[in-house]
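Note sheet for the following structure.
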């Protein structure tokens, strides 16, 4: 299976190649910037066309020289970037570690940059007029996911959002991202419940025992345990991350019976 991408390389990555078998996750992001051009510039900021061409010709070689040619102000990157028109840019070759996940955790694995491929999808995000992702973007994303999941033997359960692995810091790709659509093609994890049939449970309060069960279920799914410092604040972040992923119609940071039922179903799935 081949994939057509356009090279637009970044200097922001770790210089040592990682073993292919180490890559277990795909992390999805939105760019969260006002314009597509500003997002690309932040992810890969070269001084000139000459330096960019030099990098393309010498990728993986003489990395210290390449980085001197580049504007090294930005400390973020990703492996792939999906533009508004659906075109896919290769930002960092996938056997190198890109800087996209930051402080992160899923199940027992910390600092997921080491173990993941990061995909940025252009979208202004919550701070700049969050909007739905285009059909062209999602079509290209599906092709990219199929390619990566096959080539790296990545489970659909390990296709995650940035907010899943860093709920106290991130909101992306957010509640407008079509996780359910991806799940229908086994490209992401989703529950097997009919939202229209269970939404009567929305806003129905849970008791203390059910609240504990819900939070325990989140840990079983893969989310981090809540830190004791600022427990209530971090609990709200965690619940919202779950809702943005699995109950997108209402993001309020409150545990209700609908959320509880969804969490139970995910454990069984």
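Some notes on this structure:
- Highest-MSF residue in the chain out of 246, 189, 16 [GNM, Cα springs under 10 Å]: 16
- Reciprocal of mean inverse Cα separation for region 140-269 (Kirkwood radius, Å): 15.2 Å
- With contributions of -39500 (n - 2.57) from each DSSP H run of at least four residues, the per-residue ellipticity at 222 nm computed over the chain stands at -10500 deg cm²/dmol.
- Cα centroid separation, region 119-158 to region 240-269 (Å): 21 Å
- Mean separation of Cα contacts under 8 Å, 6 or more apart, over the residue count of the chain: relative contact order %: 21 percent
- Residue of 121, 251, 198 that the Gaussian network model of the chain assigns the largest fluctuation, springs spanning Cα pairs under 10 Å: 198
- Spin-label model distance (nm) - residue 127 vs residue 147, 7 Å beyond Cα toward Cβ: 3.0 nm
- Rounded to the nearest 5, the antiparallel percentage of DSSP beta bridges internal to the chain is 40%.
- Region 174-237 and region 1-27: distance between their alpha carbon centers, rounded to Å: 30 Å
- Length-normalised contact order of region 195-268 in % [C-alpha pairs under 8 Å, at least 6 apart]: 47 percent
- Of 82, 236, 26, the one that fluctuates the most in a GNM where the chain has Cα springs shorter than 10 Å: 236
- Which of 106, 99 has the fewest Cβ neighbours within 10 Å, and the rest in rising order: 99, 106
- Sorted by Cβ density within 10 Å, fewest first, the residues 2, 90, 31: 2, 90, 31
- Panel values: region 195-268, Kirkwood radius from alpha carbon pairs, Stokes-Einstein at 20 °C and 1.002 mPa s, translational diffusion coefficient 174 µm²/s.
- Region 121-148 residues near the modelled residue 34 label - backbone nitrogen below 17 Å, point 7 Å along Cα→Cβ: 123-131
- Shape analysis of the chain yields a ratio of the Cα radius of gyration to the Kirkwood radius, Rg/Rh, of 0.99.
Bear in mind that the values in this text are calculations on the coordinates, not laboratory data. From a predicted model like this one, the values you see are computed outputs, not experimental measurements. Reconstructed Cβ throughout: ideal geometry from the backbone, glycine too, with neighbour counts over all protein chains shown.
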